[in-house]
Amino acid sequence: MTVEAGTQQERVAGRVWAVRLDAHGRPSAGTVRLSCSRPACADQHFSSTPAGRKAAVEHVNMHLARIRADGGPRGEAWCGCRAADCAWHTSDVLTGRRDGARPAEGTVRCGGPVVLMVHANRAGRLWRIAETCVRCAAAIPDCRVLDTAPPPRPAPAPIGAGREAAGKPETGREPTGGNVAAVFSDHAPSPLPPSASASASADASSPAAGSAVTPGARTASPGGAPQRAKRWGKIAQRTVPHDLQPDVLRVELTELGDAFRAYQQRAEPDLVVLAELHERKARAFALWADVTGDGTLRHEAHRARKAAQTTLEMHENRVGGPIGTASGNGPVVERLLTRQQAVHARTVLGHVQDHAPHPEAEVHLAVLLLTLRAARAGIGNITGQDLTAWLQGDAERVLEQLVAADWLRLPGTVTEALASRPEDPTAVTVPTLLPEQPRPFVFGKTTHSKISGWAQKAVGDRKIRKKKLGAATRLLALYSAAHTRPDGRLGHAEDDGLDLDKAAAFCALQPEEITGHAELLIAADWLAEADTTGGRLRGQLTERVLPLGGLL
């Protein structure tokens, strides 16, 4: 990089190589994809996880050999862990705190020489090589330091600079007679006492040497002119002012904007990286709002925080969770609903139970179907095929009950509604869901569509249809799927199953009748096991229906 004459060499961002193993294709196939963050490295696919891990280790070693051939880690690089907001380690490792509380501003700093480190996560699906400072390397769990960079050479001073600058040595460095603020790779100022300059080189390699002068650290002369013009940048269509204070905020916003633009150039998305960027943006914009008093910045911070949460949920929904073992060697489940969408789905089921006009399984099933169609505006389209698929031979009787109870309003007769076709559906109205009524649901169009598709797949499961199971059994199948943990077990871990009375009320059954319907679901390969003793419904979904699980 080009710098002004008489200043130290500009430091560059620390390099990071990330090698990942992800599920690929159908979960039952067991294939994995090996991807590398370097654009020149093409994705590879393997038939099993052990083969993918072996190839990943070979790929990591290939990069390490190239790094050594190119001269190893660079002493002028910024800490790569700091570029990721130090998310690779916990802050209490650096601060010594054990309570998990967030440290005060400026108490956590990078420091020491630049090292080349490598570490892998415990699940054996992510390997990371990076140029970091020695303090971050010491704080990252299971990290191995492979090489240490030599100190960077200071930029040569121009000819005659020593004669023109009064009181300055010809090396171009500032005198150290007073306190000098050394800016480390986290851009946090650290006061340096005069006595520390003599022992700085001896302490530079110690992780605890937070106030020592690190190789290549930029120094600012007290009271003097800035050595170079401050950078300004853009993020979220906003210009970062060049005079924004504190300086650490300006630098973070500028670098964050660059990071978002670099992410957009990636060949393939990485939702974990994107979530980290959104988290950094939320913190930076919240601080920016505190400094300027701009309420729109605080709103943008809230949006970034929600985006980070949604992105992580998308990643979890895409990758799924390991089944069977805690080591992550089991099959990966591609979930139909995210965790938050499953929360909304359970809200719909609760609304159906509370607002069904008759305690009858067929009525509950019809109320569920019509509620999903009219959830957002109180009006929805439906065809005769939809009604007969869900209610079979009871469609006419059930619709007449709902119309008589004024729970449902039709533009014509029940017979006309049952005769409607997809090209000319019937617009039905559910008065309790009209916009002028209190809104029971707060989800948007995408979540509404996902929940509707989830319910359709559960109620219309092919094995349940093949066994010709009734409305109560299908309601129990839907209820059990909505209340499962990631491993397929029913209910929260601390609850030991589902409350039998609540499950029976949703299915319009007596609690003692649940046992017979649970056995029907076992025969239909929906439940692997079931137990109704002690007033609880315990059991587990079979592997084939795990994608319908509600992720409690």
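Overview of values
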| read-out | value |
| --- | --- |
| Restricting the range 243-261 to residues that are among the hydrophobic types (A, V, I, L, M, F, W, C) and modelled with pLDDT under 90, the residue that is farthest from Arg38 (Cα to Cα) | Leu244 |
| Sole exception among (1) within 33 Å of the chain's Cα centre (by Cα); (2) more than 23 Å from Lys468 (Cβ to Cβ) for Asp406, by number | (1) |
| Checking Val251 against (1) without any contact (Cβ under 8 Å) to a residue 60 or more places away in the chain; (2) assigned to a helix (DSSP H, G or I), the condition it does not meet | (1) |
| Exclusive hit being part of a helix (DSSP H, G or I), surrounded by 14 or more Cβ atoms within 10 Å (Cβ to Cβ) and in contact with a Gly (Cβ under 8 Å, 6 or more places away or on another chain), set Leu521, Leu546, Leu552, Leu537 | Leu546 |
| When residues of the range 497-521 are limited to those that are of a type in the set (Asp, Glu) and under 16 Å from Leu349 (Cβ atoms), the one farthest from the chain's Cα centre (by Cα) | Asp501 |
| Ile464 vs. criteria at pLDDT 90 or above and out of contact with any His (no Cβ under 9 Å at 6 or more places or on another chain) | yes |
| Flag for Glu416 being among the acidic types (Asp, Glu), in a loop (DSSP other than H, G, I, E, B) and outside the structural domain of Met314 (by TED's automatic domain parsing) | no |
| Among (1) on the phi < 0 side of the Ramachandran plot; (2) at pLDDT below 65; (3) not in a helix (DSSP H, G or I), the one test that Val93 misses | (3) |
| So Ala345, is it within 30 Å of His24 (Cβ to Cβ), surrounded by 20 or more Cβ atoms within 10 Å (Cβ to Cβ) and at pLDDT 90 or above | yes |
| Every pair of residues 6+ apart whose Cβ atoms lie under 9 Å, when the first sits in the range 465-480 and is assigned by TED's automatic domain parsing to the domain that holds Gly350 and under 21 Å from His492 (Cβ atoms) while the second is part of a helix (DSSP H, G or I) and of a type in the set (Lys, Arg) | Tyr479/Lys502 |
| Answer residue from the range 350-368, given it is surrounded by fewer than 22 Cβ atoms within 10 Å (Cβ to Cβ) and free of Cβ contacts under 8 Å to residues at least 60 places away in the same chain and is nearest to the chain's Cα centre (by Cα) among those | Gly350 |
| Considering residues of the range 385-412 that are part of a helix (DSSP H, G or I) and touching a residue at least 40 places away in the same chain (Cβ under 8 Å) only, the residue surrounded by the fewest Cβ atoms within 10 Å (Cβ to Cβ) | Ala389 |
| Subset of the range 343-384 (residues that are part of a loop (DSSP other than H, G, I, E, B) and either more than 20 Å from Gly444 (Cβ to Cβ) or among the aromatic types (Phe, Trp, Tyr) (or both)) | Ala356, Pro357, His358, Pro359, Glu360, Thr383 |
| Tally of residues being touching a residue at least 40 places away in the same chain (Cβ under 8 Å) and either among the aliphatic types (A, V, I, L, M) or in contact with a Phe, Trp or Tyr (Cβ under 6 Å, 6 or more places away or on another chain) (or both) across the range 499-524 | 9 |
| Residues being surrounded by fewer than 13 Cβ atoms within 10 Å (Cβ to Cβ) and not in a helix (DSSP H, G or I) - total across the range 270-302 | 1 |
| Single residue of Arg339, Arg283 found to be of a type in the set (Lys, Arg) and at pLDDT 90 or above | Arg283 |
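The values are calculated or read from the model by the stated rules, or taken from the named source; none is laboratory data. Just so it is clear, the structure is predicted and the values come from calculations on it, not from any experiment. Quick reminder, even Gly has a Cβ in these numbers, built from the backbone with ideal geometry, and neighbours come from all protein chains shown.
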